[in-house]
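K.L.:
Next up is a structure, given as structure tokens.
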Amino acid sequence: MHPDRPGDGPASSTCIRTARSRPALNELSLVLTAVDVAHHIDFDGHDWGLWVATGDVAAANAELDKYDRENRAPSRPARQARVVDSGVIGVLGYLLVIWGLPSLEYARAFGWDWREAGVMHATRVTQGEWWRAVTAMTLHADLAHLVANSVFGAVFGLFVGRYLGSGFGWLLVVAAGTGGNLLNACIQNDGFRSLGASTATFAALALAGAFVWRRGYLRGWDWRRRFAPVFGGIAMLAYTGFGGGNTDVVAHVTGFGCGLALGIAAGGFDPRVLGRAGQALCGALALAVVAGAWLAAGAGG
């Protein structure tokens with residue numbers, strides 16, 4: 001109940017709105033002025049209050065409530081975040097691929113020079129050896145490089161699998177990582193070479209954040225919280241993707257950009273409709289893309 005107090009005239013007055021600062025009540029004061037309701041703003045030593053004659057309380061509240069309804073931005077409720085699966089299967093598949101390739105490379109399986117056949121070579125990619133954009137993501141310079149991409153890929157990949165599914169999500173990661181490497185090849189100087197799964201890991205980071213934002217899982221919050229997944233991804237890219245003398249920063253940025261684009265596009269689709277069979281098919285297709293790229297690399301070499 002709002003407090004009453006003696007007003008300036010013979011009638012008492014009632015406080016109908018309070019605020020910590022006077023400017024917060026100025027707009028409401030204009031509303032009452034427009035409908036010719038006498039009022040005043042006063043400070044009680046702690047809060048500012050909007051006061052009207054007690055007899056005008058009902059009319060003043062009705063006008064202010066009407067104003068609030070007309071100016072309140074329509075809000076849609078946030079969607080409940082839907083978890084498709086645990087994401088573990090996709091991560092295990094990713095780790096199996098990137099840890100299995102060193103063994104094949106060391107053994108020179110099939111008589112191939114795996115590194116020379118699969119490294120991302122900008123000139124050769126732009127000349128048609130597209131498969132290098134895929135195969136380069138499965139090769140690593142050394143153990144430290146492999147471990148780092150295992151850790152980051154597993155963490156980011158878990159989120160991808162949880163919200164998009166281990167099959168569909170990783171198919172998009174492969175697509176985004178490949179797109180990032182293709183863009184990188186077009187940007188870099190002739191003869192530029194790179195390898196590593198970091199293009200795919202940053203694609204996964206952006207993919208998960210953009211998908212969560214696009215699906216509206218944080219809708220109804222203020223804009224900073226709604227964009228938190230995307231902002232968080234950008235912050236992580238800035239913190240982890242720009243260090244080290246041998247870091248391919250362009251690949252990190254292009255991978256992130258492709259993941260962002262695919263995440264926004266995929267946000268219009270509910271991966272749950274794929275079911276287990278659909279997810280398994282997408283996962284098999286992702287592995288088939290990697291295997292097909294290596295077969296093309298072996299044939300080309």
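The values are calculated or read from the model by the stated rules, or taken from the named source; none is laboratory data. Keep in mind it's a predicted model, so treat the numbers as computed, not measured. Counting neighbours? That spans all protein chains shown, and the Cβs are built from the backbone with ideal geometry, glycine included.
K.L.:
Looking at Ala277, Ala261, Ala299, which one is surrounded by 14 or more Cβ atoms within 10 Å (Cβ to Cβ) and in a helix (DSSP H, G or I)? Reasoning before the result, please.
P.N.:
Values: Ala277 fails: surrounded by 14 or more Cβ atoms within 10 Å (Cβ to Cβ); Ala299 fails: surrounded by 14 or more Cβ atoms within 10 Å (Cβ to Cβ).
Unique residue meeting the criteria: Ala261.
K.L.:
Just wondering, is there one or more residues in the range 105-120 that are modelled with pLDDT of 90 or more, more than 17 Å from Gly300 (Cα to Cα) and not in a helix (DSSP H, G or I)?
P.N.:
no
K.L.:
Could you tell me which of the residues Ala81, Ala62, Ala73 is modelled with pLDDT of 90 or more and either in contact with a Gly (Cβ under 6 Å, 6 or more places away or on another chain) or of a type outside the set (Phe, Trp, Tyr) (or both)?
P.N.:
Ala62
K.L.:
Where residues in the range 247-258 are of a type in the set (A, V, I, L, M, F, W, C) and over 17 Å from Gly157 (Cα atoms), which of them is surrounded by the most Cβ atoms within 10 Å (Cβ to Cβ)?
P.N.:
First, pick out the residues of the range 247-258 that are of a type in the set (A, V, I, L, M, F, W, C): 249-251, 253, 256, 258.
Right, trim to over 17 Å from Gly157 (Cα atoms) and you get 249-251, 253.
Details: Val249: 13, Val250: 17, Ala251: 29, Val253: 19.
Out of the qualifying residues, it is Ala251.
K.L.:
Give Val88, Val57, Val119 a once-over and let me know the one that is in contact with a strand residue (DSSP E or B) (Cβ under 9 Å, 6 or more places away or on another chain), in contact (Cβ under 8 Å) with a residue 40 or more places away in the chain and farther than 30 Å from Thr33 by Cβ. Let's see the steps before the verdict.
P.N.:
Numbers: Val88 fails: in contact with a strand residue (DSSP E or B) (Cβ under 9 Å, 6 or more places away or on another chain); Val57 fails: farther than 30 Å from Thr33 by Cβ.
Answer to the selection: Val119.
K.L.:
Conditions first: (1) β-branched (Val, Ile, Thr); (2) in contact (Cβ under 8 Å) with a residue 12 or more places away in the chain; (3) surrounded by fewer than 13 Cβ atoms within 10 Å (Cβ to Cβ). Thr33 passes all but one, so which condition is the exception?
P.N.:
Going through the list (1) β-branched (Val, Ile, Thr); (2) in contact (Cβ under 8 Å) with a residue 12 or more places away in the chain; (3) surrounded by fewer than 13 Cβ atoms within 10 Å (Cβ to Cβ), Thr33 breaks only (2).
K.L.:
I've got another one for you. So how many residues does the range 262-285 have that are out of contact with any Phe, Trp or Tyr (no Cβ under 6 Å at 6 or more places or on another chain) and without any contact (Cβ under 8 Å) to a residue 60 or more places away in the chain?
P.N.:
So the answer is 8.
K.L.:
Here is a check on your reading of the model: is Arg108 of a type outside the set (A, V, I, L, M, F, W, C), in contact with a helix residue (DSSP H, G or I) (Cβ under 8 Å, 6 or more places away or on another chain), assigned by TED's automatic domain parsing to the domain that holds Ser194 and without any contact (Cβ under 8 Å) to a residue 24 or more places away in the chain? Walk me through how you get there before you give the answer.
P.N.:
Details: of a type outside the set (A, V, I, L, M, F, W, C): yes; in contact with a helix residue (DSSP H, G or I) (Cβ under 8 Å, 6 or more places away or on another chain): yes; assigned by TED's automatic domain parsing to the domain that holds Ser194: yes; without any contact (Cβ under 8 Å) to a residue 24 or more places away in the chain: yes.
Answer is yes for this residue.
K.L.:
Can you pull out every residue in the range 122-147 that is free of Cβ contacts under 8 Å to residues at least 12 places away in the same chain and either more than 13 Å from Ala297 (Cα to Cα) or touching a Pro at 6+ places or on another chain (Cβ under 6 Å) (or both)?
P.N.:
Across the range 122-147, the qualifying residues are Gln127, Asp142, Leu143, Ala144, Val147.
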